[in-house]
Amino acid sequence: MNAAFGNLSNSTHRPRAAVIGAGIAGLVTAVELAVRGYEVEVLESAGRPGGKMRELEVGGRPIDSGPTVLTMAWIFEEIFERANAKLGDYVTLRPAEVLARHAWADGTTLDLFADLERTVDAIGTFAGAKEAEAYRAFTEHTRRIYDAVREPFLLGQRPSLWGMMSDPAVRSVSPLAMDAHRSMIKSLASFFADPRLVQLFGRYATYVGSSPYDTPGTLSLIAHVEREGVHYVEGGMARLAEALVALAEARGVTISYGHRVTAVECARDGVQAVHVETAAGGSSRRASDVIVYAGDVGALARGFLGDAVRKAVDYDYPPYKRSLSALTLSALARTSGFPLVRHNVFFAEDGKAEFDDLFSVRRLPRHPTVYVCAQDRTDTEATPDGAERLFFIVNAPADADVRPLHEQDLLACERALTSLLERSGLTLDWEAKTWTTPTDFENRFPGSQGALYGRTSHGMLAALSRPSARSKLRGLYLAGGSVHPGAGVPMAALSGRSAARAIEADSASSGLLRRAATAGSTSIV
């Protein structure tokens, strides 16, 4: 644990922080540290911010090709407020009324709504009154779990089993009600008799790159998070990353693009500097008092940032513990037939076989579930004139190192994808398309092997096994989807805030930040 910063050699300068990575976690860390009085530079190897929150140009039009919606918007509202700003002054959020349209090959469809009663009525029409009441009970169940774990887990620094069980909020819910003792599938089957509803809500396990057959039922709380509010970001999700950049720069943060960190330099008393290569071919050494690594921590464990930090985390795990990757398709196409809304899920006929392919056989599913984001639509069914922007996701194993995908794999996946969509009535006339494979994700996020969510959430204690913000090396901190509290846009933001708070607590215990701030006349908010 970082107890103090031994390498702050004098107390007359503002303490310097280097943040490696300009994804959501890195940008939030930078803002939070700037507010706390740090001189911050963010070093990003790519030419733009956002990390996995990326935008690809296809046929001359930008397409969100990563996260497509924002949940838990209150986290970002708090981040902006702490920096004496308002989120709404930087980016416009639009609440979604239709959370998603779900379709099965037998021709049935079901919409979930932001409004609880509309969803209850829709499920009643879809599967009968008994299943509608089961859904109402399920919503109450997931709300209780979320309320119990929100403070001690989601907002906690490094939850432990003992700490969780001794927390009053957790103790207010019985151990059985927390659902950690059984899989998500078994939990859902105790609520719903209709296998389509079990399959639908089991899909939430993929939001953390896992299988509902191995993820504890506790993770059903994701359904509650979605019910609390889903927002579209006007202009695309990349605008949220740009908003954080604008906020960071307004607070004095320097963001350097095309700057790849090749090594972290250390001494006996902790980190000293980062070594950087630029896209133009230059190199430099950046001295720093604290360093925040906001990438996949697998890169540290595999020595991608030098041997000095290889053992800063215990996170080099076997392939079967890697979370899912994805095969994605960003495309322009004319559509007809099925009435798409903004978010659509077309389910495989055999959900169990799909997850067996992904996690047991470790191959692309022969018959995948397909997510389709129709980005020129909102909650209406109006078909845009001409080609529309579409983003498709098919889950894939994170085996970029041992089993990279080839052209024939992409062709087979496209055939399976279009066949499934056609059985639901959707036909596509392609105009332009771009694939992204697990190998592409590994190249963009080294050390991940294509895994998009760190390690899986399989097993009762998996959620407690992620690294915390504090590494084993003094002055080196961690943020991002592979550390606590986990994957996803809001979780990455919380990890960035957690890193900044850990740095603040450690510096306060030594008095170093206070002395530096006094000498430099910097106010610590």
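The values are calculated or read from the model by the stated rules, or taken from the named source; none is laboratory data. Being a predicted model, the structure only gives us computed values, none of them experimental. Using ideal geometry, Cβ is built from the backbone for each residue, glycine included, and neighbour counts are taken over all protein chains shown.
For Phe346, are the conditions met, namely being surrounded by 21 or more Cβ atoms within 10 Å (Cβ to Cβ) and within 20 Å of the chain's Cα centre (by Cα)?
So Phe346 does not fit the description; no.
Any idea which of (1) within 19 Å of the chain's Cα centre (by Cα); (2) basic (Lys, Arg); (3) at pLDDT 95 or above is the one Lys130 doesn't satisfy?
It fails just one condition, (1).
Taking the stated definitions as given, is Ala22 farther than 27 Å from Ala96 by Cα and of a type outside the set (Lys, Arg)?
It is true that Ala22 is farther than 27 Å from Ala96 by Cα and of a type outside the set (Lys, Arg).
Please tell me if Ile63 is of a type in the set (A, V, I, L, M, F, W, C) and part of a helix (DSSP H, G or I).
It is false that Ile63 is of a type in the set (A, V, I, L, M, F, W, C) and part of a helix (DSSP H, G or I).
Results for (1) surrounded by 21 or more Cβ atoms within 10 Å (Cβ to Cβ); (2) at pLDDT 95 or above, shown as yes or no for each residue.
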| site | (1), (2) |
| --- | --- |
| Met1 | no, no |
| Thr29 | yes, yes |
| Glu41 | no, yes |
| Glu44 | yes, yes |
| Phe76 | yes, yes |
| Ile79 | yes, yes |
| Asp89 | no, yes |
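Look at the range 470-488 and say how many of its residues are touching a strand residue (DSSP E or B) at 6+ places or on another chain (Cβ under 6 Å) and either buried (at least 24 other Cβ atoms within 10 Å of the Cβ) or at pLDDT 95 or above (or both).
6
Give Leu390, Leu417 a once-over and let me know the one that is crowded, with 18+ Cβ neighbours inside 10 Å and either among the charged types (D, E, K, R) or more than 28 Å from Lys321 (Cβ to Cβ) (or both).
After applying the criteria, what remains is Leu390.
Give the range 21-59 a look and list any residue that's of a type in the set (Lys, Arg) and more than 14 Å from the chain's Cα centre (by Cα), or say none.
Answer for the range 21-59, where residues must be of a type in the set (Lys, Arg) and more than 14 Å from the chain's Cα centre (by Cα): Arg36, Arg48.
Tally time: how many residues in the range 210-237 are of a type in the set (Asp, Glu) and closer than 19 Å to His141 by Cβ?
Counting residues in the range 210-237 that are of a type in the set (Asp, Glu) and closer than 19 Å to His141 by Cβ gives 2.
Among the residues of the range 376-418 satisfying the criterion of being assigned to a loop (DSSP other than H, G, I, E, B) and of a type in the set (S, T, N, Q), which is farthest from Arg342 (Cα to Cα)?
Per the criteria, the residue is Thr383.
So the check is Cβ under 8 Å with 6+ separation or different chains; which pairs have a first residue in the range 393-413 that's under 16 Å from Lys321 (Cα atoms) and a second one that's in a helix (DSSP H, G or I) and charged (D, E, K, R)?
Short answer, once both residue conditions are applied: Asn395/Glu354; Ala400/Glu442; Asp401/Glu442.
Restricting the search to the range 92-109, which residues are within 27 Å of the chain's Cα centre (by Cα) and assigned to a strand (DSSP E or B)?
Once the filter is applied, which keeps residues that are within 27 Å of the chain's Cα centre (by Cα) and assigned to a strand (DSSP E or B), the range 92-109 yields Leu93, Arg94, Pro95, Val98, Leu99, Ala100, Arg101, His102, Ala103.
Quickly run through the range 276-322 and pick out the residues that are touching a residue at least 60 places away in the same chain (Cβ under 8 Å), under 21 Å from Tyr257 (Cα atoms) and either among the basic types (Lys, Arg) or part of a strand (DSSP E or B) (or both).
Scanning the range 276-322 gives Val276, Arg286, Ala287, Val290, Ile291, Val292, Tyr293.
Only one of Thr518, Thr439, Thr456 is within 14 Å of the chain's Cα centre (by Cα) and either more than 14 Å from Ala294 (Cα to Cα) or at pLDDT 95 or above (or both). Can you tell me which?
Of the residues listed, the single one that is within 14 Å of the chain's Cα centre (by Cα) and either more than 14 Å from Ala294 (Cα to Cα) or at pLDDT 95 or above (or both) is Thr456.
Yes or no, residue by residue, for (1) more than 20 Å from Thr456 (Cα to Cα); (2) surrounded by fewer than 17 Cβ atoms within 10 Å (Cβ to Cβ); (3) modelled with pLDDT under 85; (4) of a type in the set (Gly, Ala, Ser):
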residue: Thr142; (1), (2), (3), (4): yes, no, no, no
residue: Glu151; (1), (2), (3), (4): yes, yes, yes, no
residue: Val173; (1), (2), (3), (4): yes, yes, yes, no
residue: Ile185; (1), (2), (3), (4): no, no, no, no
residue: Thr215; (1), (2), (3), (4): no, no, no, no
